[in-house]
Amino acid sequence: MTVGNRTRAALLLLCAAVLACASAAWAKSRHPLRIGLGEEPRTLNVWMASDANSNNILSQIYQPLYRHTPEETEMVPWLAAGPPEMEADGVTYQVRLRPARWSDGSAFTAADVAFTCRLIKEFKIPRHYSRWKFVDRIEAVDDRTVRFVLKEPMAIFLTRSLTIPIVSEKEWREVADAAKKQKKPLATLFNHTVERPLGTGPFVLEKWHKGAFLHMKKNDWFFGQGLRIGGRLLGPFVGEILFKIYGTSDVAMLALKKGAIDMYWQGIQPGYIENLEQHPEIRIFSSERSALYYLGFNLRRPPFDDPALRRAAAVLVDKSFIIERVLQGYGSRMDSILPAGNEFWYNPNLTEYGEGLNREQRIRAVHRILKEAGYRWTRPPVDDAGKVQPAAGLRLPDGSLMEPLTILTPPADYDPHRAISGLLIQQWLRQAGIPASARPMSFGALLQQVKARHDFDAFILGYGRLSLDPDYLRIFFHSEFDRERGWNMSGYHNPEFDQIAEASEKTMDLEARRLLIYKMQEIIARDVPYLPIYLPREIEAVRTDRFAGWVQMLEGIGNIWSFCQLSPVN
Amino acid sequence: MKTGNEQRDTLAAPAGRRDWLAGGWALFWENPIGKIGLILMACFALMAAASFVPPLLDPMYHPMHGVDPEISHATGPSAAHWLGTDFIGRDILSQLLAGARIAFMVGLSAAFMSIFFGTLIGMISGYAGRFVDTLLMRIADMVMVMPTLLVVLILSSLFGQLRIWTIVLLIALFRWPGVSRVIRAQTLTLKHRPFIEAARVTGASHLRIIFRHIFPNVLPLALLYMTFRVTSAIIIEAALAFLGFGDPGTVSWGMMLQWVWKTGHMFQAPYWLLPPGICISLLTLSFYMLGRAMEEVLDPRLRKEGESE
Amino acid sequence: MEIRRYILGRLFQITLIFFVILTVLFLLFRLAPGDPVSRMVDPNMTPEDAQRLIEQLGLDLPMWQQYLIYLKNFLKGRFGISFHYGQPVSEIILNRLPNTILLFTSSIVLAAFVGVFLGKIVSWKKGERIDTWVTIGALVCHTLFLPWLALIIIWVFAYWIGWFPLTGMISAEIWTDPSAGLLRKGLDIAHHMALPLTTLFLIHFGSYLLVMRSSMLDTLREDYILTARAKGLDEATIRNRHAAPNAALPVITSVGLSLAFSINGGALTETVFTWPGLGRELVFAVSNNDYPLAQASFLLIAAVVLTANLVVDLIYAYLDPRIRY
Amino acid sequence: MDLLEPHPQGAVLRTSIMKTDSPIAVELVEATKIFRTKKTFFGRSGEQVTALDRVSFSIRQGEIFGLVGESGSGKTTAGRLIVKLDEPDSGKVLVDGVNLSEIRGHKMKRFRRRIQMIFQDPYQSLNPYLSVYQTVCEPVVIHRLAAPQKRLETVVSALSQVGLTPPEDYLFRYPHQLSGGQRQRVAIARSTVLNPEIIVADEPTSMLDASISIQIFNILVRLKQNLNATFLFITHSLAAALYLCDRIAVIRKGKIVEMGPAKAIIRKPEHPYTRELIRSQPRFRKKTEQRGSFRPWENGATSS
């Protein structure tokens, strides 16, 4: 009995203490911006960081030379003082820098820029090297001027190469030198642990309490403070940011409703919207994205080596159904590889497979397409009387029975939309007798299967944060990239396309390049190696009672413009 | 003619098997835990049976593919959808009914398989003894310390999404050691019982002794353990599906919870969140209660006590 | 002498088992499709980039060579570099382990205490209404679906009533406050721990209660209890001084044997409550194809379970001299 | 010869009188069996108990040989060695001159058919989950003695031989539905359905009431006649040994202390232990004195 009593007493005491602590609310005068993160950032090593959460943090710290304005219409000089000056030879560019300082107060110089670019070239840093390998020389002309000499004219230099984040020579010189002496320099560089990243951005990292939160403070040395760039007066007007880590969106939404966070920096499911809208303090932002969600086919082997079957699949996939139900209307259909919002490059005159048809009409259309291409059924989807019926026994034009095929999708825990879309598409294909079954697979395994082994029939994948420059069209479909771990995952080979793609890479004249990109979109829409399905919208929710000034742009409100302009309400 | 002794003998002999069963049943039914468990289970069995009905009424009630053409987002209970619909307009009630079927299927088959492996290994281990016993029991120790859920999680993530039958098999493969230990202990006590030796003397092979003589004797114990394994199999499958590693082609309750969770309806659609969770909890409870009550019937010590009361 | 031999034997077995687990894990993770490089979905990642990275990470060596390196590193206490975090795995694990130990042990100890206490009480009232209802209550708690229960608890106590923080282990506001003392920080952790602790407690105490109850009923039939009764000792003394200490033995075994089960629950609880522990890290490492981290966390969990089983066996052997195997 | 003297067991036993020159069926040569307490993990053995200590005896064909001793004397162990339930630690067990330890594989199965054992405790020696038919039929199935359609016939005849009549009533009963005596009859039927040449009967009546024991004895004796089998009769009862056996051996603490014709030993025990054994069995004394009225087999034959 005594033990029991003691235990009980101790428990009571503990509860009382906890409650007392809870009620003694945090009544300090601090007023930090509190942001929920879906996951902990992986790393603060900017070369290693490839996930959204790390990039979210690092984007506050490391800054590029140029960046897009919120309107996405043009690039504005950021760390650079003005637009790059091209010399007459067409391959030499000169960039003037703003007077800026690193967050420790030391000066930001041309040497830092040159160091960063050389580091990328020297270590062949994955993801960055492809944008720098065509740069021949990088020189710091003086403290505030950098000169780049290219091997040949390159369209993506301005938009893709000059937007990499610049790191400080001081921070990385020793690390790089030490790494070079190692057997595996790149791995050493990647695995270097960065405790306090040194940047030029509006905020500096104060503390990262692993598994719980990150604490950032205003960078007093931020070069943009008080400046007007892209028509906006920059702050930051927020003294501190607390990034809190919530494992699941549900809890983050509760936290938002409770007022424990001011913003959740991750797209949320449409399911939350209705409920959140009832809160007067919560505002929902629904933003355009530059993304692509598509069904990819394996063109290397039957049955999808036949364009007719791919077109038939394109007609069967009811994009509107997926958008209306799976995305709850928060998305738009895609017919090109490029999102329609990318107005300059987007070709609006492409085939819209199955548009406006209902289920039966689609099946009839597919029946027609496949019959013409020589396909036969033991039980056709449309009987002699013209009635739609469950189809069976689809035979290829060569007379062989179509083998069961699988559509690989990411697992539901990774992306429920794609997993469910896979199941829907499976049902739709079956209606025409195509023996498809959806098979969700862990993301790594799926990519291995599709990208490295090329062992699949079809898959559903997506790209987020595609650059505005459409150079990825070339990377996705040029036959040069049809190899192990290449991005031409379909195995699409078309000499005509290759030729246009190569030309588009080097054409510096915008209008001429636009025509080439238009043509490339047409070819892809005709041959359907990828069937673009939907472009989801980025839905974000913020509280309006503590901070205001969110800047909405492509990919949402979580951008550097917002953080430079947010200010406390009263 | 019967001698007096023989008559007395007959009276002293235990009651017939049927009487024994009837006695067991009475004892079982007397136990409120057994009664509740059985009633609950009957309800779920009814649900599982009823799961075939809704799609027959209207294809829109198909738990996986059917959608209400009028509804394209999650809605609460209505006349057409008694428990409401999920976010793409599928009927929650028919999903719940189909889930009962899956739960029974997963629970019973995984439990059956793990009991099968466990009993087989336990009997072999106990009967063979020596090296075989040591080897099998060390393997059992090893498998026993593996947290099943995490192991299946790792496997499912390594080898792509698993089919429901693969999950069932994996659960079975990792849940046998407990059973096999109990069966082994039981086999050890049986092994030197005269009727086993009698069988050996008549020339019965080892296989015959194991399956013909030991097996029926350990079967009640195995069946008892099966009820507990059903519970754990259902929970593991549900947890796996909840975390997003289940078979996406099945409408299990765990999968329903996953849909609620991942589509952002967790704290806003109680009509969708509560039923699957309650069902999982109650079904596992019913099997567990059944097992507890059976345990009391089978345990002769408890039984005697029960009779004396 | 006897006991020492026994311990040595058990240690040898455990080492063997551990080695087998080590090897199986290695094989599993190497045979599995998917590598950290293919996860980097970025059109700027060229095939050459990918190949270079794979070489740098040492994934292109022959399997046996990788295995030898793996064993060598393991013996040196190195578990490699996490693919995901780019940090030494041991650092990550050391960071997460204390959190898991805190939550896990406190919940198990609490559950065991309450379970033993209640089991003692109800066994005394066997057959009465309270016995039936407490038993049913314990069964219900034991079979509740844990992640679902956790979510309901968050909803009710953290959001609706609002007594507790939603998830996590510490609140950023307090820990970034320079004026916050150690006590305040400690209470903050306790405040955050209340709900996950309750969840784990609810799931576990039922089974301990049931074990204690039946063990008590067994013990009450023993002769020495009769003797105690005959001596005219009062019921509470018999129950608490004579019966309960002996009856609690199987509970210890049950704690040990159910540890693997508890770890499943721990991982789920940590995941739902975003408790920065090892279980949650393992679930994440698994879904991110972070082999070194998943491997090491799993190894650690296996080692803990094995050791706990050993400890339980030893305690048992120590407390109950009849059982010396 | 003692055996030629008028015998109280009358006609029944007289048929079993064996010729001294008939070949030896079973022989134990210096057989030793040691039991160890359970081994520990490292194979270290615990305490040792010597159950049989260099025991030698031989049984001739057609003989009823009695092994008498108190419990724990090792008599059951000797029986178990003969049916190969245990292996001797040293020494040999010969059946028809063949060393048992050399019999393996399918020869073993043939050997099993020739030697059968009747166990002490009928409550333990029947599988509770098998019906009488299944139990008795099992040896038939194992040794393929009868075609499947003739099995029932074989079982029925075996049952009627042990006095379970009408056999049809018993076929589908389970052990718990039978009395002790009935169970032992089933056990005997199981052993004898194979028509074994050698039967080891390990105290077949010690668990039964006296009147039922007598019936069982009677059945055994009749079976012996029918089968012309060799018997090893293990008992703690000198009375039973005297009535049934041609020769007996008295065993104590794993050693044979005295061996010879049954009557001779009981009338003129040489070893003090045998004398003590005789003294300790008052029933035996009494019954040997009233021998004339103790003829259970005569009515027992019709009783069931």
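The values are calculated or read from the model by the stated rules, or taken from the named source; none is laboratory data. As the structure is a computational prediction, the values presented were derived from the model and not from experiment. When we count neighbours, we look across all protein chains shown, and the Cβ atoms used for this are built from the backbone with ideal geometry, even at glycine. The area values use the complete protein model at the heavy-atom level, side chains included, leaving out ligands, DNA and RNA. Shrake-Rupley method; radii C 1.70, N 1.55, O 1.52, S 1.80 Å.
About the Cα centre of the range A:208-331, how large is the charge dipole given +1 on each Lys and Arg Cβ and -1 on each Asp and Glu Cβ? Please answer in debye to the nearest 20. Each step should come with its number before you reach the end.
Numbers: 16 positive and 12 negative charges, 77 e Å.
My answer is approximately 380 debye.
Of B:Leu83, B:Leu221, B:Leu274, which has the largest mean-square fluctuation in a 10 Å C-alpha GNM of chain B?
Largest GNM mean-square fluctuation: B:Leu274.
At R0 = 56 Å, how high is the FRET efficiency between C:Leu182 and A:Lys133 if r is their beta carbon distance? Nearest 0.05 is fine. The partial results should precede the final answer.
Working: r = 54 Å, r/R0 = 0.96.
E(calc), rounded to 0.05, equals 0.55.
Scan around D:Arg54 for amide H atoms under 5 Å from its own, H built in the peptide plane at 1.01 Å from N, and keep only partners 5 or more places away or cross-chain.
Close amide H contacts, sequence-distant or interchain: D:Thr32, D:Lys33.
Which peptide among A:395-404, A:363-372 comes first, and what is the full order, when sorted by highest mean count of other Cβ atoms within 10 Å?
On the way: A:395-404: 12.3, A:363-372: 19.3.
Answer by packing, highest mean first, reads A:363-372, A:395-404.
Taking a 1.4 Å probe, which of D:Lys75, C:Lys76 shows the most accessible area, and what order do the others take after it?
C:Lys76, D:Lys75
Only Lys, Arg, Asp and Glu count, each charged at its Cβ (+1, +1, -1, -1), so figure out the dipole size of the protein assembly as shown about its Cα centre, rounded to 20 debye.
With only Lys, Arg, Asp and Glu charged at Cβ, the dipole is about 6220 debye.
Based on DSSP H runs of at least 4 residues, each adding -39500 (n - 2.57), what is the mean residue ellipticity at 222 nm of the protein assembly as shown after dividing by all its residues, to the nearest 500 deg cm²/dmol?
For the protein assembly as shown, the value works out to -15500 deg cm²/dmol.
For the range B:79-153, what is the charge dipole size about the Cα centre, in debye to the nearest 20, if Lys and Arg each add +1 at the Cβ and Asp and Glu each add -1 at the Cβ? Write out the running numbers ahead of the final one.
Working: 4 positive and 4 negative charges, 27 e Å.
Dipole of the range B:79-153, to the nearest 20 debye: 120 debye.
Run the numbers on chain B and let me know its relative contact order in percent, using alpha-carbon pairs under 8 Å that are six or more apart.
For chain B, the relative contact order is 24 percent.
Identify all aspartates and glutamates with a Cα-Cα distance to D:Lys92 below 17 Å; exclude those on the same chain that are fewer than 8 residues away in sequence.
D:Glu27, D:Glu30, D:Asp53, D:Glu102
Between C:Gly86, C:Ala296, C:Ile225, whose Cα lies farthest towards the positive end of the dipole of chain C when Lys and Arg beta carbons carry +1 and Asp and Glu beta carbons carry -1, centred on the Cα centre?
So the residue we want is C:Ile225.
For the protein assembly as shown, taking Cα atoms only, what is the radius of gyration to one decimal and the Dmax to the nearest whole Å?
41.2, 142
Under the rule a/c < 1.5 gives rounded, and otherwise a/b versus b/c splits prolate from oblate, where does chain A land using the Cα gyration tensor? Display every interim value, and only then the final one.
Details: a/c = 2.01, a/b = 1.27, b/c = 1.59.
The shape class here is oblate.
Report, to the nearest 10°, how far helix A:110-123 tilts away from the longest principal axis of the Cα atoms in chain A, using its own Cα long axis and a range of 0 to 90°.
Roughly 40 degrees, rounded to the nearest 10.
List every residue whose amide H lies under 5 Å from the amide H of A:Ile166, counting only residues 5 or more places away in sequence or on a different chain, with H placed 1.01 Å from N in the peptide plane.
Those lying under 5 Å, H to H, from A:Ile166 are A:Gln63.
What number, in percent, do you get for the relative contact order of chain C if the mean sequence gap of Cα pairs under 8 Å and at least 6 apart is divided by its residue count?
Computed over chain C, the figure is 26 percent.
Using alpha-carbon pairs under 8 Å, 6+ residues apart, how would you state the relative contact order of chain A in percent?
18 percent
Counting only other chains, what is the mean number of Cβ atoms within 10 angstrom of the Cβ of each residue in peptide B:246-255?
Working: counts 4, 2, 11, 6, 0, 0, 0, 2, 3, 1.
Per residue, the number of nearby Cβ atoms from other chains is 3 on average.
Ignoring ligands, DNA and RNA, what percent of the accessible area of the protein assembly as shown is carbon or sulfur (1.4 Å)?
58 percent
Need one number: nm distance between label points at B:Trp165 and C:Asp234, each 7 Å from Cα along Cα→Cβ, rounded to one decimal.
6.6 nm
Near C:Lys185, which lysines are there with a Cα under 18 Å away, not counting those fewer than 8 places off in the same chain?
Within the straight-line limit of under 18 Å, C:Lys185 reaches these lysines: A:Lys28, A:Lys207, A:Lys210, A:Lys244.
Translational diffusion coefficient, Stokes-Einstein: compute it for the range A:62-190 using the Kirkwood radius over C-alpha pairs as Rh, at 20 °C and 1.002 mPa s, and state it as an integer in µm² s⁻¹.
141 µm²/s
If you line up the long axis of helix A:307-316 against the longest principal axis of chain A, both from Cα atoms, how many degrees apart are they, to the nearest 10?
70 degrees
Putting +1 on Lys and Arg Cβ atoms and -1 on Asp and Glu Cβ atoms, find which of C:Thr271, C:Gly206, C:Thr132 reaches farthest to the positive end of the dipole of the range C:93-323.
C:Thr132
Among B:Ala198, B:Ala103, B:Ala222, whose mean-square fluctuation peaks in a Gaussian network model of chain B (Cα, cutoff 10 Å)?
Between B:Ala198, B:Ala103, B:Ala222, it is B:Ala198 that shows the largest mean-square fluctuation.
Please go through the residue pairs B:Lys191/C:Lys125; D:Lys109/D:Lys263; A:Lys181/C:Lys76; A:Lys121/B:Lys262; A:Lys257/B:Lys262; A:Lys181/A:Lys218 and name each one whose alpha carbons sit more than 30 Å apart in this structure. It would help to have the intermediate numbers written out before the result.
Working: B:Lys191/C:Lys125 39 Å; D:Lys109/D:Lys263 37 Å; A:Lys181/C:Lys76 23 Å; A:Lys121/B:Lys262 41 Å; A:Lys257/B:Lys262 18 Å; A:Lys181/A:Lys218 37 Å.
Pairs exceeding 30 Å: B:Lys191/C:Lys125; D:Lys109/D:Lys263; A:Lys121/B:Lys262; A:Lys181/A:Lys218.
Would you mind giving the mean number of other chain beta-carbons within 10 Å of the Cβ of each residue in C:175-181, as a whole number?
Mean shielding count: 3.
Mind checking which aspartates and glutamates have their Cα closer than 17 Å to the Cα of A:Lys387? Skip sequence neighbours fewer than 8 apart in that chain.
Result set, ordered by chain and number: A:Glu360.
Using the 2.2 N^0.38 Å rule of thumb for compact globular proteins, work out how chain B stacks up: its C-alpha Rg over that value, please.
Details: Rg = 23.8 Å, N = 309, 2.2 N^0.38 = 19.4 Å.
For chain B, the normalised Cα radius of gyration comes out at 1.22.
Which value, in Å³ per residue, describes the convex hull spanned by the Cα atoms of chain C?
201 Å³
Which value, in square angstrom to the nearest 100, describes the accessible area buried between chains A and C on both sides, using a 1.4 angstrom probe?
6200 Å²
Tabulate in residue order the Karplus-calculated ³J(HN,Hα) for the range D:81-95, using 6.51 cos²θ - 1.76 cosθ + 1.60 with θ = phi - 60°, rounded to whole Hz; enter x for Gly and Pro.
Karplus values, whole Hz, x for Gly and Pro: 5, 5, 8, 6, 7, 10, 10, x, 6, 8, x, 10, 10, 10, 10.
Put +1 on the Cβ of each Lys and Arg and -1 on the Cβ of each Asp and Glu in the protein assembly as shown; which of B:Met256, A:Cys117, A:Leu233 then has its Cα farthest toward the positive end of the dipole?
B:Met256
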